[in-house]
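What follows is a single structure, written as structure tokens, with notes after it.
The values are calculated or read from the model by the stated rules, or taken from the named source; none is laboratory data. In this text the structure is predicted, and so the values were computed from the model without any measurement. Quick reminder, even Gly has a Cβ in these numbers, built from the backbone with ideal geometry, and neighbours come from all protein chains shown. Heads up: the accessible areas ignore ligands, DNA and RNA and are worked out on the full protein's heavy atoms, side chains in. Shrake-Rupley method; radii C 1.70, N 1.55, O 1.52, S 1.80 Å.
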Amino acid sequence: MSEIKKKYESVHYTDYLQLKKVLDAQHLRSPEHGEAAHDEMLFIIIHQVYELWFKEVIHDLSSIMEMFRNDNVDENNIGTAVHRLNRITEILQVLVKQIDVLETITPLDFLDFRNYLFPASGFQSFQFRKVEVALGLKEKYRETYNNIPYATVFSEQESKELHDLENADSMLQLIEKWLERTPFLHRNDFLFLEAYKKAVDNMLDKERQAIDATDYLTAAEKQMRMNMLGSTDTFFASVLDENKHNEMLNKGALKLSYKATLGALFINLYRDEPILQMPFQLLSKLVDIDELLTTWRYRHAQMVLRIIGRKIGTGGSSGFDYLLNTAIKHHIFFDLHNISTLMIPRSELPVLPDHLKKQLSFYFTTGNK
Ligand code: HEM
């Protein structure tokens, strides 16, 4: 005990957490400009809490991205990456849940201090933009309002930082490179793509036969189901044909390269194999992050509708409509969601040759084998 005392100076809770600064950072404007508005305290605190969590998200995300910057990702890091991505999803759930607290501010109570806020807005949250940009949201895919580039609300130095971040590899691009390196897709006696295409054809044939054989559907209903199957068919074809995939990439309908998409598909299909379990979890966490961010955007838009109705935002946007469009458009890992369309039942999955199955398992020898 005395050893520790000698080595490290003691520190008080209040000083370590710099609580004097933190707890002196809530300066309400309403008492200065008119009558004190009770709910302005909550309004400030909740924004500050969000910003603190954004700081933690950036801290975790940057460390994960660092692990993926090498051409050869150290496999030991995958577990840590999954663990930290999981933490980010837990934080995002808290961020979504916090909207319940925010919604205890009624429209009338908000109007007690709203006029003092112009032109301040969450639109000016630098850390929120950093999270979006680091994950992979590119400026060309952003919803804008009044045709103003999103970074104009920041200082020159902050704009530059966002610009540099946008030009560096994002999480999406780092994952793309990692997926492109997925081994096992081509082994002498196992060509994943060919085996998969055959399995898809098989599955679609069976579905066609099943529709044809049902006796509870009318001819028109059968036709409708066949047509629907036709469109799934087209979707499989377009995603599995490299040229078509590249056309969709050029149009901005897809973001992940063909090779990376195949890697993600392989991991998802054979995720029961021991070696693929961690990579599968990693991809699932990214899907979770995308889903939770989208949920936050929807909840924030709904909350705005509830508190200010169709009024414009303090930052000058159309308010609810603008926010709703960001929820629809600002998906980052949509290609990973798309993989679900390409999944086939376990029963249809091409059987892996023994040597490949062995490479995908954890095994060790105790004797002289
Ligand atoms: C009464 C509470 C709130 C209202 C009425 C509100 C309203 C709005 C509106 C209308 C916008 C669109 C930009 C504008 O015209 O200003 C916006 C953007 C935004 N708000 Fe809020 N907000 C509230 C609370 C919060 C909180 C607590 C946060 C947490 C940080 C937040 C974060 C954001 C962010 C990040 C954006 C930018 C969204 C984007 O451009 O994708 N807002 N808010």
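Here the dipole of the chain is about 320 debye; that uses its Cα centre as origin and unit charges on the Cβ of Lys and Arg (positive) and Asp and Glu (negative). In this view, the solvent-accessible surface of residue 8, computed with a 1.4 Å probe and all protein chains in place, comes to about 140 Å². When only alpha carbons are used to place a centre, region 98-170 and region 289-326 end up 12 Å from one another.
Computed over the chain, relative contact order equals 24 percent, with contacts defined as Cα pairs under 8 Å that lie 6+ residues apart. When the Cα gyration tensor is reduced to axis lengths a ≥ b ≥ c, the ratio a/c is 1.5 or higher for region 4-129, and with a/b not above b/c it is classed as oblate. Ordering 228, 202, 153 by the projection of their Cα atoms onto the charge dipole of region 138-253, which places +1 on the Cβ of Lys and Arg and -1 on the Cβ of Asp and Glu, puts 202 at the extreme positive end. Taking every C-alpha pair closer than 8 Å and separated by at least 6 residues, the mean separation divided by the residue count of region 238-369 gives a relative contact order of 29 percent.
Annotation: for a label point projected 7 angstrom from Cα along Cα→Cβ of residue 91, residues of region 134-174 with backbone N closer than 14 Å are 134-135. For the pair residue 346 and residue 121, the difference between a 0.36 nm per residue extended length and the Cα-Cα distance amounts to 76.1 nm.
The sum of -39500 (n - 2.57) across all DSSP H runs of n ≥ 4, divided by the residue count of the chain, sets its helix-only mean residue ellipticity at 222 nm to -20000 deg cm²/dmol. Size descriptors for the chain, from the alpha-carbon set: Rg then Dmax equal 25.8, 87 Å.
The Cα atoms of region 91-241 give a gyration tensor whose axes a ≥ b ≥ c have a/c of 1.5 or more with a/b no greater than b/c, which makes the shape oblate. Tell me whether region 220-369 comes out rounded, prolate or oblate; compute the Cα gyration tensor, take square roots of the eigenvalues as a ≥ b ≥ c, and use a/c under 1.5 as the rounded threshold. Prolate. Since only 43, 33, 107 are under comparison, the one whose Cα sits farthest along the positive direction of the charge dipole of the chain, derived from C-beta charges on Lys, Arg, Asp and Glu, is 43.
Between 132, 156, 90, the GNM of the chain built on Cα springs shorter than 10 angstrom shows 156 fluctuating the most. Accessible area per residue of the chain at 1.4 Å probe, in Å²? Using a 1.4 Å probe on heavy atoms only, each residue of the chain averages 59 Å². Working note: Karplus 6.51/-1.76/1.60 with θ = phi - 60° gives region 291-296 the couplings 5, 5, 5, 5, 4, 4 Hz, where Gly and Pro are set to x. Of the accessible area of the chain, computed with a 1.4 Å probe over protein heavy atoms only, carbon and sulfur atoms account for 54 percent. Taking all protein chains together, 282, 17, 52 sort by accessible area into 52, 17, 282, largest first [probe 1.4 Å]. Between residue 187 and 192, the built amide H atoms are under 5 Å apart, and every one of these is 5 or more places off in sequence or on another chain. A crude spin-label estimate for the pair residue 246 and residue 36, with each label 7 Å from Cα along the Cβ direction, gives 6.8 nm.
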